[in-house]
Amino acid sequence: SEILSYWDGPLWVPEIVSREAIKMDGKLISYEGLTILPLEASELPEFVDLAKELDDGEAATLCLAFSRRATPATDDNKAIRVWKSKTSATILGTAELLHSWSHSQRALEVALAIQSIESKARFTLARKHPLYDWWNSAKTA
């Protein structure tokens, strides 16, 4: 949740995604700046269209971002491809959020965060990712 506080913009989570409890070390992660949003009736056609290609959570995330001109955050490769096929607007993932947060942290804190993400979330950053070199050097600090 501390990492989320470094994002300079609104933080929304689709209602459908909020039902999936996000936990770290068995504790529910919460952040007071996070707003849970239901899809509006006018957004449902876009959601249904996106849900033909993506799971409901990713479809709702992209739908809200398209509709409300927001920046989505996801690590789902298919969702990223769909987003990039429809717009040139920014899309964020774990690496971008952590990189932003890292500028105000000690190297050891960043390394521990990356190691925790990799082990607990079973997350691996793709070699082709623009922050791959930063990620690998930061996790060994």
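Share of carbon and sulfur in the accessible area of the stretch 56-139 stands at 48%, probe radius 1.4 Å. For Ala73, the residues whose amide H sits under 5 Å from its own are Leu92, ignoring neighbours fewer than 5 places away on the same chain, with H placed 1.01 Å from N. When the chymotrypsin sites (Phe, Trp or Tyr not before Pro) in the stretch 60-141 are filtered for DSSP coil states and for at most 16 other beta-carbon atoms within 10 Å of their beta-carbon, the remaining sites are Phe123. In this structure the amide hydrogen of Trp12, modeled in the peptide plane, comes within under 5 Å of the amide hydrogens of Thr35, none closer than 5 places in sequence on its chain. Sequence-ordered 3J(HN,Hα) estimates for the stretch 122-137 from the Karplus curve with 6.51, -1.76 and 1.60 and θ = phi - 60° stand at 6, 9, 10, 7, 5, 4, 7, 5, x, 9, 4, 5, 4, 4, 5, 6 Hz, glycine and proline given as x.
Applying the criteria of a DSSP loop state and at most 12 other Cβ atoms within 10 Å to the trypsin sites (Lys or Arg not before Pro) of the stretch 61-127 yields Arg69, Arg106, Arg122, Arg127.
The values are calculated or read from the model by the stated rules, or taken from the named source; none is laboratory data. What you see is a predicted model; the values in this text were computed from it and never measured. Here the Cβ is made from the backbone with ideal geometry for all residues, glycine too, and neighbour counts use every protein chain on show. Keep in mind that these areas ignore ligands, DNA and RNA; they rest on the heavy atoms of the full protein, side chains included. Shrake-Rupley method; radii C 1.70, N 1.55, O 1.52, S 1.80 Å.
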